[in-house]
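FYI, it's all coordinate maths here, none of it is from the lab. Remember, it's a predicted structure, so these values are computed and weren't measured experimentally. No Cβ is skipped: glycine too gets one built from the backbone with ideal geometry, and neighbour counts run over all protein chains shown.
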Amino acid sequence: MKNIINTEKINQVDFINGRNGQFRAVVKVQAGFFTVVDDLGILSNWESGAQWKSAIQVFRNFKKGALQTIEFQAEGSKNWVTVFAKKGNKIILMDTELFLEMRVGDINQDWTNTNLYSQANYSAANAKTWADKAFVYNEVPVEA
């Protein structure tokens, strides 16, 4: 498993742990209140079945400032667990899967006013472009 670089000391959990399941999001709507968005496949051209297959897909699915929390329910479980949580402008909790998949572009697009946006973390991860991973060390390609 790859080492996660987390200079901002965001609390790390490992609830997803490679399991299949469902995701839902708590979002702040334009009117200022919070609501829960379940993935019922509605965003997928009205097809049945879930669109969100991973937490990073949920993360990338909402406009700037809307996403507050991502919850996960593993197959065979009735319990929802929080795998991403925002409090004010600070991310206070994030699952290992998000740390491993998040790219600089995911953060620079809509999350520059949070502690995810960290030049110190980008440097420690050797991130040079928006396509680089934000929390995993990016190897420099060796030319033949």
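If you add up the charges near GLY65, with Lys and Arg at +1 and Asp and Glu at -1, over every other residue whose beta carbon is less than 10 angstrom from its beta carbon, what do you get? Intermediate results must be reported in sequence, preceding the final value.
Details: positive: LYS28, LYS63, LYS64, LYS86; negative: ASP110.
Taking every other residue near GLY65 into account, the sum is +3.
Given q = 0.10, 0.12, 0.17 Å⁻¹, what are the Debye log10 I(q)/I(0) values for the chain, with equal point scatterers placed on the Cα positions and solvent ignored?
-0.35, -0.51, -0.98
Helix-only estimate, please: 222 nm mean residue ellipticity of the chain, summing -39500 (n - 2.57) across DSSP H runs of length 4 or more and dividing by its residues, to the nearest 500. Working shown, then result.
Working: 4 runs with 25 residues, N = 144.
Only helices count here, giving -4000 deg cm²/dmol.
If the reach is capped at under 26 angstrom between alpha carbons, list the lysines near LYS78, excluding any in the same chain fewer than eight residues apart.
LYS28, LYS53, LYS86, LYS87
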